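The values are calculated or read from the model by the stated rules, or taken from the named source; none is laboratory data. What you see is a predicted model, and the numbers here were worked out from it, not measured in a lab. With ideal geometry, Cβ positions are generated from the backbone for all residues, glycine too; neighbour counts draw on all protein chains shown.
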Amino acid sequence: MCNWQLFFSTDLEKKIIVFLKNELEKFKKILNRENTQYFVQDFTEKMCDIKEAALDITLYFLRDMNQCEAADTLQDELVLIHQRPLKSNLKKKYQSVSDGIAKHGDSKLLNNIYTDLCMTLSVSKQVSSQNEVGQVQAADRRHESQEIPVECKNLFEAPEQDKEIRTVLTKGVAGIGKSISVQKFIVDWADGKENQDITFIFPLAFREINLMEKETQSLARLISQFFPEIKGLNLAKNDKLKLLIILDGLDECRLPLNFEGNETCRDVTSQVSLDVLLTNLIKGNLLPSALIWITTRPAAAIKIPPECVDRVTEVQGFNDAQKEEYFRKRFKDGDLASEIIDNVKQSKSLFIMCYIPVFCWITATVLQNILEEKINNVVRNQADGVFKTLQESNTEDTPKTLTQMYTHFLRFQILQSRRKYDGEYTPDVSWDTDAMLSLGKLAFHQLQRNNLLFYDTDLEECGIDASKASVYSSMCTQIFKEERGIILGTAFCFVHMSIQEFIAALYAHLFVDFNKKSVFNQHESTEQENKNETMTDLLKTAVDKALESETGHLDLFLRFLLGLSLQANRPLLRGLLTQQDGNDHNYNKIVEYIKEKLEANLSPERSINLFYCLNELNDQTLVKEIQTQLREGSLSSADLSPAQWSAVAFVLLTSEEAMEEFELQKFMKSDECLFRLLEVVKISKRALLNDCNLTDESCSNLAKAFGSDNNLIELNMSNNNLQDSGVKQLCIGLGNITCKLEILKLSDCSITEEGYKALASALRSNPSHLIELDLRGNDPGQSGVKQLSDILQDKQCSLKTIRFLKSSAAQEACEYLTEVLGTSPLLLTELDLSEDKLGDLDCEKLSALLMDSHSKLEKMKLSDSSVTEEGYKALASALRSNPSHLIELDLTGNDPGQSGVKELSDLLQDPNCQLKTLRLCDCGLTEESCSALATVLRSNSSLKDLDMSNNNLQDSGMKKLKNGLENTNCTLKKLRLSDCSITEEGYKALASALRSNPSHLIELDLTGNDPGQSGVKELNDLLQHPNCQLKTLSLRRCSITEKQCFILTSALKSNPSHLRELNLSENKLGDSGVENLSDLLMNPQFNLKILHLCGCRITEKQCLILTSALKTNPSHLRELDLSGNKIKNSGVNHLCDILKDSQCKLERLSLNDCGITDVACLAQCLSETKSTKVLLKELDLSNNKIGDSKQQLIDVLQDSNCKLR
């Protein structure tokens, strides 16, 4: 036996057996759940081809032995064996990129040339209605706005721990770098650098998925078909895996994506249509734990319902600095880079387009070739003795318009392909007309359908043999490209949509040249004269169709079409397009046609594009005219046509100066002017639209602006009659989370409660940006203020300042009182600033607050607040300015002086004054004060409650006041005159007045005023008057004697039906007085409910008389106060007799300081009489030494509603 045979039969066999035994032992432990995590980790970390082979052998024999369950379990546990080949293959596919076109460009490693693209979070899941060209035009302004940046690697990081990000939609215009971002994400994952928590990434391009649109598929089969390296991976059983499925190029999707109508599918093995499969995957019905990343151009994002997306990001492209950086990185020659940058900046439209990386590449390609040619020409000319500087040469031929740029690009790419593939090095292009016609036809017809991706059938429709499509790709290097899918087939597209639009426009001109008819209108013409008409018809029709497009997808095509109609742009296309020999016929007609269109009621976006069209035609007449007026500052008084206003917008949009601030007053104060300049407003940071006669029409237009890309952070619309209807329109935009507004000023805009509610609702929808809101000079109603004040409590709300108040003094008062009271005074109907709560806040500032229409105060207390004559003046002035709400004013303890009383008097005589209650206690009022107030009472029927207590009015003052009280215009219901030094003469005057006008007064307080004998007699006559309506009478501390008590009770007996409350406290009634009062209480017609006899020196005997009377008529009295009378225990016992009566309705009983020592009988009474215990609400036994019996009372009352004192 040979040595090698011996080796195979011994050592090799042993090694294989030992290896397999070791691996089988590990597999066994995994299946038996023995330290599974360790063995799985060991297997995957040390994974190599031989280990995979051991696993494959094991799985094969397990299934052969019908142990499928064990085989599936083992395969599921070792799922990561599929990751290594997937990462390897994805890295091979995505690690290289090419400059321009993949097939013919120089391939470079992505990581060597990749520059971070600016990607931002979009707070809105809604789709901008702005066309893509419009988005490009606004792009260079948008970098100045405050966008939230997000790194591509952190796409699925949630801002909050409790929120998961499953589906991310990344949008951006064509060529902006969406697919490069995807490529970078995949390469970093495959290299093990980023997102290693993701187990598998499956990138699926819609351009490849389209080729399977008619097939039925399961998700498991679809993924295994695109990624055969994961064959055997059971998606249905691997919920613990973290999968990322990337759907790249939604705008290229040809499936309907019927989210509403498609059936539900939750099984990854179910065979369904591709449309059903994708909609269920995006909805989360299929693989709900998988991450989904969708990339798209903005317009196609509408295909995905917002509720299916957790986060929207946008690739923003290059800002101005990055544009320059790109050119400097591309060209190592610093002088050449600077020359190219200077050339690009000469054309605003070209510089804007360089925001797109692909356009930067096109521009760099063209300008590099032009400058290199010019350098060579300069050298040759100098050799021939012709001296011209490079700068002079550049000025002559450098592209200034898009048409010129793309014409140069096409020419240079054709020349390059001829040199590379055919070895031709001629300076002139040899055009393949048939090929250009076929390619143009494809570009034109697919553009009309808004398609950017083409397949075999599309090519065949245009006469292109799909099998020979590579001819076109090689002929037009970096213009038309062919991409072969991983599995399915080949797709075709132009390198960028703008190139397709240029080729489509070129085709339209070729069609006229070869077919003598318009590509839009198939009527043939043969004469040269008719050919001109055909060309004019072509251009006019294109203008009309571009204006009709809702998406604006023909805007760039129209620019190219018009630009190619100029003879000056045709020499570079000599041999392909007919040269027109300077015929101006078409030029003049189309320029006039565009200007006519500009006079129509076009949207601002369409108007702006028509000016870009005029720019391509080198017509600057309107623009130069407006530039002159702008320099002269005469636009605000000019009567401009719609076309001229559109020219204003175009000039401002293409200005080199950044639009920090737009002020409408510099132009014209009208809705029409704002509409025409709306695009300018959108690129400005601050829009000053105040005092411009704007209406709700402007609010509607601004709302649309907020819903699209804009830079606005401050908007001032103050002093415009917007009303609630306008604010509601504006709120549609404010509620849109694309709105970044930080400051909104709407003072004096006639906004009421409904408008405030709309604002509050909008701010709740979009609470994160607005920090200042100015609503001064509007009338919101209290609920309107509350709605907005509640917004300030929202934790997500950034709002820091709401200005409701017109003057700074009012605002200062509001802020001060909010701090003192703990709530905004604007939310209060009652304001209590008694006892110096005013602090350092003077009355002038308080008055400014009261004067504001936002103040809805109904009651205000300013007792003992040191209000002086000047303060009274300020308050009266404020209440005259805003008089309709305040109904109660308490100025107790503040001396107004004579002038202050006069101010109050004037206020109260104001017909708009609704004050019902006025308290002027202890205000130092005099006889003259009474005279002024009498004047008020004669003219003011609103005042119902007047309190003049604790003023030294004396009898003379009462005589003055009599003149007001007796007037039938006086409708006072309550009059308080306690402690006013009134004597018999004063009582006489008062009684006389009230007899003359007795029908209104229901409450009279004469506490502390001694009426004397005659005074009581005057009261007696008043009380007997048949029209007397008095219900409450207080004669406390009035020195009422027994005899006077008899007079009063006699009067009440004769007219007993009205009085409900009587206060005779602190008067020495004596035995006869108590007896007379008892007789009155026994009268069944006497319905007294409240009786105050506090401190009347009532004895035990008198208490018996009183209680005996009450027993005979117990059903009326609700409150009895016998405090300060020594009725002792026996008096309590007598009262118990009343309480035991089932007719007793007593609710409050006051026996404070009555010499009581035992209340056991009272406790027993209440325990036995359930009805009384239920009715009794308050029992005052304070200042009595009742000892242990109190506990009995507490026990009895514990289950009742009675409060024991």
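So is residue 1035 at pLDDT 85 or above and either closer than 24 Å to residue 1142 by Cα or surrounded by 17 or more Cβ atoms within 10 Å (Cβ to Cβ) (or both) or not?
Numbers: at pLDDT 85 or above: yes; either closer than 24 Å to residue 1142 by Cα or surrounded by 17 or more Cβ atoms within 10 Å (Cβ to Cβ) (or both): yes.
Spelling it out, residue 1035 is indeed at pLDDT 85 or above and either closer than 24 Å to residue 1142 by Cα or surrounded by 17 or more Cβ atoms within 10 Å (Cβ to Cβ) (or both).
Taking the range 548-572 as the range and being of a type in the set (D, E, K, R) and surrounded by fewer than 24 Cβ atoms within 10 Å (Cβ to Cβ) as the test, the residues that pass are 548, 550, 570. The set of residues from the range 334-392 being more than 30 Å from residue 610 (Cα to Cα), of a type in the set (Ser, Thr, Tyr), modelled with pLDDT under 80 and in a helix (DSSP H, G or I) is empty. Filtering the range 1063-1074 to residues that are crowded, with 21+ Cβ neighbours inside 10 Å and in contact with a Phe, Trp or Tyr (Cβ under 8 Å, 6 or more places away or on another chain) leaves only 1073. Taking the stated definitions as given, is residue 1168 at pLDDT 85 or above, surrounded by fewer than 16 Cβ atoms within 10 Å (Cβ to Cβ) and not small (Gly, Ala, Ser)? Taking the combined requirement at face value, the residue does not satisfy it.
Does residue 920 satisfy the condition of being buried (at least 21 other Cβ atoms within 10 Å of the Cβ), modelled with pLDDT under 90 and either among the acidic types (Asp, Glu) or touching a strand residue (DSSP E or B) at 6+ places or on another chain (Cβ under 9 Å) (or both)? Reasoning before the result, please.
Working: buried (at least 21 other Cβ atoms within 10 Å of the Cβ): yes; modelled with pLDDT under 90: no; either among the acidic types (Asp, Glu) or touching a strand residue (DSSP E or B) at 6+ places or on another chain (Cβ under 9 Å) (or both): yes.
It is false that residue 920 is buried (at least 21 other Cβ atoms within 10 Å of the Cβ), modelled with pLDDT under 90 and either among the acidic types (Asp, Glu) or touching a strand residue (DSSP E or B) at 6+ places or on another chain (Cβ under 9 Å) (or both).
Only residues that are crowded, with 17+ Cβ neighbours inside 10 Å and more than 22 Å from residue 1068 (Cβ to Cβ): list them for the range 996-1020, please. Correct list: 997, 998, 1000, 1001, 1002, 1003. Put simply, of 1179, 1204, 1175 the only residue that is surrounded by 13 or more Cβ atoms within 10 Å (Cβ to Cβ), among the aliphatic types (A, V, I, L, M) and at pLDDT below 80 is 1175. In the range 233-256, the residues that are assigned by TED's automatic domain parsing to the domain that holds residue 183 and closer than 16 Å to residue 284 by Cα form Cβ pairs under 7 Å with partners that are at pLDDT below 85 and not in a loop (DSSP other than H, G, I, E, B), at six or more places apart or across chains, as follows: 238/76; 238/79; 241/79.
Evaluate the range 294-304: report whether one residue or more is over 29 Å from residue 655 (Cβ atoms), at pLDDT 85 or above and surrounded by fewer than 22 Cβ atoms within 10 Å (Cβ to Cβ). Talk me through it step by step, then tell me what you get.
Restricting attention to the range 294-304, the residues satisfying the condition of being over 29 Å from residue 655 (Cβ atoms) are 294-296, 300-304.
With the extra rule that they be at pLDDT 85 or above, the set shrinks to 294-296, 303-304.
When the remaining residues are screened for being surrounded by fewer than 22 Cβ atoms within 10 Å (Cβ to Cβ), the result is 303.
Taking every residue of the range 294-304 in turn, at least one turns out to be over 29 Å from residue 655 (Cβ atoms), at pLDDT 85 or above and surrounded by fewer than 22 Cβ atoms within 10 Å (Cβ to Cβ).
Based on what the data block shows, is residue 615 modelled with pLDDT under 80, surrounded by 16 or more Cβ atoms within 10 Å (Cβ to Cβ) and assigned to a helix (DSSP H, G or I)? Taking the combined requirement at face value, the residue does not satisfy it.
Screening residue 705 with (1) surrounded by fewer than 19 Cβ atoms within 10 Å (Cβ to Cβ); (2) within 26 Å of residue 314 (Cα to Cα); (3) of a type in the set (A, V, I, L, M, F, W, C) gives one miss only, at (1). The residues in the range 152-178 that are among the acidic types (Asp, Glu) and at pLDDT 80 or above can be counted, and the count is 2.
Among residues of the range 1135-1161 being aliphatic (A, V, I, L, M) and buried (at least 17 other Cβ atoms within 10 Å of the Cβ), the one that is farthest from residue 1100 (Cα to Cα) is 1146.
Within the range 284-299, is there a residue that is in contact (Cβ under 8 Å) with a residue 60 or more places away in the chain, aromatic (Phe, Trp, Tyr) and either in the same structural domain as residue 218 (by TED's automatic domain parsing) or in a helix (DSSP H, G or I) (or both)? Yes, some residue in the range 284-299 is in contact (Cβ under 8 Å) with a residue 60 or more places away in the chain, aromatic (Phe, Trp, Tyr) and either in the same structural domain as residue 218 (by TED's automatic domain parsing) or in a helix (DSSP H, G or I) (or both).
Kindly indicate whether any position in the range 846-866 is among the acidic types (Asp, Glu) and outside any loop (DSSP other than H, G, I, E, B). No, that holds for no residue. Annotation note: of 1059, 1077, the sole residue that is buried (at least 21 other Cβ atoms within 10 Å of the Cβ) and touching a strand residue (DSSP E or B) at 6+ places or on another chain (Cβ under 7 Å) is 1059. Within the range 843-862, not a single residue is charged (D, E, K, R), over 36 Å from the mean Cα position of the chain (by Cα) and more than 19 Å from residue 824 (Cα to Cα).
Looking at the range 962-973, is at least one residue among the acidic types (Asp, Glu), modelled with pLDDT of 90 or more and either touching a Pro at 6+ places or on another chain (Cβ under 7 Å) or under 30 Å from residue 899 (Cα atoms) (or both)? Scanning the range 962-973, I find no residue that is among the acidic types (Asp, Glu), modelled with pLDDT of 90 or more and either touching a Pro at 6+ places or on another chain (Cβ under 7 Å) or under 30 Å from residue 899 (Cα atoms) (or both), so the answer is no. Here the range 975-995 is the region considered, the condition is being of a type in the set (Ser, Thr, Tyr) and surrounded by fewer than 23 Cβ atoms within 10 Å (Cβ to Cβ), and the residue that is farthest from residue 919 (Cα to Cα) is 992. Within the range 585-612, being without any contact (Cβ under 8 Å) to a residue 40 or more places away in the chain and not small (Gly, Ala, Ser) holds for 587, 588, 591, 592, 596, 611. In the set 923, 913, which member is in contact (Cβ under 8 Å) with a residue 24 or more places away in the chain, closer than 30 Å to residue 750 by Cβ and either hydrophobic (A, V, I, L, M, F, W, C) or not in a helix (DSSP H, G or I) (or both)? One residue alone meets the criteria, 913.
On the stretch given as the range 776-798, residues that are more than 14 Å from residue 757 (Cα to Cα) and modelled with pLDDT of 80 or more total 2. Scanning the range 163-220 for residues that are of a type outside the set (A, V, I, L, M), touching an Asp or Glu at 6+ places or on another chain (Cβ under 8 Å) and in a helix (DSSP H, G or I) turns up 178, 179, 185, 188, 206, 207, 210. Filter the range 797-824 down to the residues that are hydrophobic (A, V, I, L, M, F, W, C) and outside any loop (DSSP other than H, G, I, E, B), then identify the one that is nearest to residue 878 (Cα to Cα). That would be 810. In the set (1) crowded, with 20+ Cβ neighbours inside 10 Å; (2) under 35 Å from the mean Cα position of the chain (by Cα), residue 308 fails one condition alone, (1).
Counting just the residues of the range 876-895 that are more than 39 Å from the chain's Cα centre (by Cα) and among the hydroxyl-bearing types (Ser, Thr, Tyr), which one comes out modelled with the lowest pLDDT?
My answer is 877.
Would you be able to say whether some residue in the range 1022-1031 is touching a strand residue (DSSP E or B) at 6+ places or on another chain (Cβ under 7 Å), outside any helix (DSSP H, G or I), within 19 Å of residue 976 (Cβ to Cβ) and not assigned by TED's automatic domain parsing to the domain that holds residue 1069? Give the derivation first.
Narrowing the range 1022-1031 to residues touching a strand residue (DSSP E or B) at 6+ places or on another chain (Cβ under 7 Å): 1030-1031.
If we keep only those that are outside any helix (DSSP H, G or I) too, we end up with 1030-1031.
Add one more test, that the residue is within 19 Å of residue 976 (Cβ to Cβ), and what stays is 1030-1031.
Narrowing the set further to residues that are not assigned by TED's automatic domain parsing to the domain that holds residue 1069 leaves 1030-1031.
Checking the range 1022-1031: at least one residue is touching a strand residue (DSSP E or B) at 6+ places or on another chain (Cβ under 7 Å), outside any helix (DSSP H, G or I), within 19 Å of residue 976 (Cβ to Cβ) and not assigned by TED's automatic domain parsing to the domain that holds residue 1069.
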